[in-house]
Amino acid sequence: MENKLTKYNGNFVKCSKKIAKAGEIIATAREGMIERIARRKTSRYESKGCWHSEGTANIDGVTYWCLAEYAPTTQNIKRTYAANFEGLYLPLISNVKIRVESALELIPRIAAEDKNKLPEQRRVLIPEMQDTFIIDSAEFGNIDIARFLARDATLAKDYSHLLDIFYGTKFTSFYQLAVDENSAAGVFLGVVGDVSHFTVYGTDGDFSDSNGRMFGTTAKSQVIGLEKKAIKPTPKQLAIIEQLLMNRPKK
């Protein structure tokens, strides 16, 4: 069954409250990729991007990408909103916690525990490229951040074909925190279309943006972790992907 996403508008706090009230959880970037592949031109990302449940952090000069359960922003929504309202990223000080442990200690520890796993199997990723960078969309599926967010190397490559062939979006930007202090930000999947030159994965500091958007999904349709539980595209999505591959220009 195709994953069902419900759209919510407003700042991060308001969207999160609406999602919780509906008995849903914040959709992952993986679900955003699947939604785009399935809907293509009718995708609800066409005119506006949105936040997803993952997050990023910069700790002692190292960039980390985190699944929702380890993302400081997702786990400290109101605190993030308050910082953003003042024009700041979420400062990562010792009392910013994920469950009962300091984010400053937990995130590097989980990254170290997972360092020998494939990117799509990690809970916290230290990406090979640490600063903001731009790639050819045809190479999207080879990027460790893309595979980490997709939770599946095949889906990352399928999304690469969608960008490069169907939309004609030739470049993809990965925005990362460039700060001197320990800080955290959310993950934002930007708009994409045949007129766009860039689609955006990366940091969005403004959880206080009243014009923001998020998607909610039922908990049973979402997979956060891991190796043996990756959601596979539906037959309908696979048919679309196959058609994209058939129409790919020959080199």
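The values are calculated or read from the model by the stated rules, or taken from the named source; none is laboratory data. It should be emphasised that the depicted structure is a prediction, and the values quoted were computed from it without experimental measurement. Reconstructed Cβ throughout: ideal geometry from the backbone, glycine too, with neighbour counts over all protein chains shown.
Residues that are surrounded by 24 or more Cβ atoms within 10 Å (Cβ to Cβ) and in a helix (DSSP H, G or I) within the stretch 147-158 comprise 148, 149, 150, 155, 156, 158, listed in sequence order.
Kindly list, by first and then second residue, each pair from a residue in the stretch 19-36 that is of a type outside the set (A, V, I, L, M, F, W, C) to a residue that is assigned to a helix (DSSP H, G or I) and crowded, with 24+ Cβ neighbours inside 10 Å, limited to pairs with Cβ atoms under 6 Å and residues at least 6 apart or on different chains. Pairs that qualify, where the first residue is of a type outside the set (A, V, I, L, M, F, W, C) and the partner is assigned to a helix (DSSP H, G or I) and crowded, with 24+ Cβ neighbours inside 10 Å, are 30/150. Among the residues of the stretch 127-155, the ones that are free of Cβ contacts under 8 Å to residues at least 60 places away in the same chain and among the aliphatic types (A, V, I, L, M) come to 6 in all.
A count restricted to the stretch 170-190 and to residues that are crowded, with 18+ Cβ neighbours inside 10 Å and part of a strand (DSSP E or B) stands at 10. Once the stretch 88-112 is narrowed to residues that are touching a residue at least 40 places away in the same chain (Cβ under 8 Å) and within 15 Å of residue 124 (Cα to Cα), the residue that is surrounded by the most Cβ atoms within 10 Å (Cβ to Cβ) is 103. Scanning the stretch 159-184 for residues that are of a type in the set (A, V, I, L, M, F, W, C) and in contact (Cβ under 8 Å) with a residue 40 or more places away in the chain turns up 162, 165, 166, 174, 177, 178, 179, 184. Across the stretch 173-207, the qualifying residues are those that are closer than 13 Å to residue 36 by Cβ and among the polar types (S, T, N, Q), and the one among them that is modelled with the highest pLDDT is 199.
With respect to residue 120, determine if the residue is out of contact with any Gly (no Cβ under 7 Å at 6 or more places or on another chain), at pLDDT below 95 and in a helix (DSSP H, G or I). Against the criterion (out of contact with any Gly (no Cβ under 7 Å at 6 or more places or on another chain), at pLDDT below 95 and in a helix (DSSP H, G or I)), residue 120 does not qualify. Quick check on residue 29: is it of a type in the set (Gly, Ala, Ser), touching a strand residue (DSSP E or B) at 6+ places or on another chain (Cβ under 6 Å), under 15 Å from residue 182 (Cβ atoms) and surrounded by 21 or more Cβ atoms within 10 Å (Cβ to Cβ)? It is false that residue 29 is of a type in the set (Gly, Ala, Ser), touching a strand residue (DSSP E or B) at 6+ places or on another chain (Cβ under 6 Å), under 15 Å from residue 182 (Cβ atoms) and surrounded by 21 or more Cβ atoms within 10 Å (Cβ to Cβ). Please determine, by comparing only the residues of the stretch 88-111 that are β-branched (Val, Ile, Thr) and more than 20 Å from the chain's Cα centre (by Cα), which one is farthest from residue 61 (Cα to Cα). Residue satisfying both the conditions and the ranking: 100.
Of all the residues in the stretch 123-146, those that are surrounded by 16 or more Cβ atoms within 10 Å (Cβ to Cβ) and in a loop (DSSP other than H, G, I, E, B) number 4. Kindly establish whether residue 95 is over 15 Å from residue 64 (Cβ atoms), assigned to a helix (DSSP H, G or I), in contact with a strand residue (DSSP E or B) (Cβ under 8 Å, 6 or more places away or on another chain) and modelled with pLDDT under 95. No: the conditions fail for residue 95.
Residues are listed down the side, and each one gets a yes or a no for (1) among the β-branched types (Val, Ile, Thr); (2) closer than 20 Å to residue 189 by Cβ:
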| position | (1), (2) |
| --- | --- |
| 59 | yes, no |
| 63 | yes, yes |
| 71 | no, yes |
| 80 | yes, yes |
| 83 | no, no |
| 93 | yes, no |
| 98 | yes, no |
| 106 | no, no |
